[in-house]
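Notes for the one structure printed next.
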Amino acid sequence: VQLRASGGGLVQAGDSLRLSCAASGRTFSGYAMGWFRQAPGKEREFVAAVRWNDGSTYYTDSVKGRFTISRDKSRNTLHLQMNNLKPEDTAVYYCAAKPRIILSTIRLEYDYWGQGTLVTVSS
């Protein structure tokens, strides 16, 4: 399984960004996919997850109502639409995959990781 994240950049507070994660190497039926982020000097934290089969989602409280996770099954691509960005959203964002359908916020339960894409939000 290979994951390749893209779409990061430098934006101002209140702006939007859309992250993408191209997934390859197998079919992802039965998988859950997630986005995590790691700010400088902090541990990697959960952002959002989606069940590949039915699109069920789960979000951490700090991004609810601002971020939307989705998957394009035809293109094997995971997305994270981020609206109303805040300076505290600044981090390297990682996509991840776990070969079980249960949505999880736990980093160690994800077996596959992309390389990360940097999002910087200026105030």
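The values are calculated or read from the model by the stated rules, or taken from the named source; none is laboratory data. As the structure is a prediction and not an experimental result, all values here were calculated from the model. Cβ sites come from the backbone with ideal geometry, for glycine too, and all protein chains shown count toward neighbours. Heads up: the accessible areas ignore ligands, DNA and RNA and are worked out on the full protein's heavy atoms, side chains in. Shrake-Rupley method; radii C 1.70, N 1.55, O 1.52, S 1.80 Å.
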note = Length gained, residue 4-residue 16, 0.36 nm per residue minus C-alpha separation, equals 2.3 nm
ask   = Given a 1.4 Å probe and every protein chain left where it sits, what share in percent of the accessible area of the chain is carbon and sulfur?
value = 46 percent
key: Listed residue (99, 60, 13) projecting farthest to the positive dipole end of region 1-102, Cβ model   = 99
task = Would you mind getting the accessible area per residue of the chain, heavy atoms of the protein chains only, 1.4 Å probe, in Å²?
result = 51 Å²
key: For the chain, the spread of Cα positions along each principal axis, largest first, Å   = 40, 27, 25
request  = Restrict the search to region 32-87; then list the trypsin sites (Lys or Arg not before Pro) that DSSP places in a loop and that have at most 12 other Cβ atoms within 10 Å of their Cβ.
outcome  = 42, 64, 73, 75
query = When we measure straight from the Cα of residue 86, which lysines land under 29 angstrom away, once same-chain ones fewer than 8 places off are left out?
reply = 42, 64, 98
request  = Let me know the charge dipole size of the chain about its Cα centre in debye, to the nearest 20, where only the beta-carbon of Lys, Arg (+1) and Asp, Glu (-1) is charged.
outcome  = 300 debye
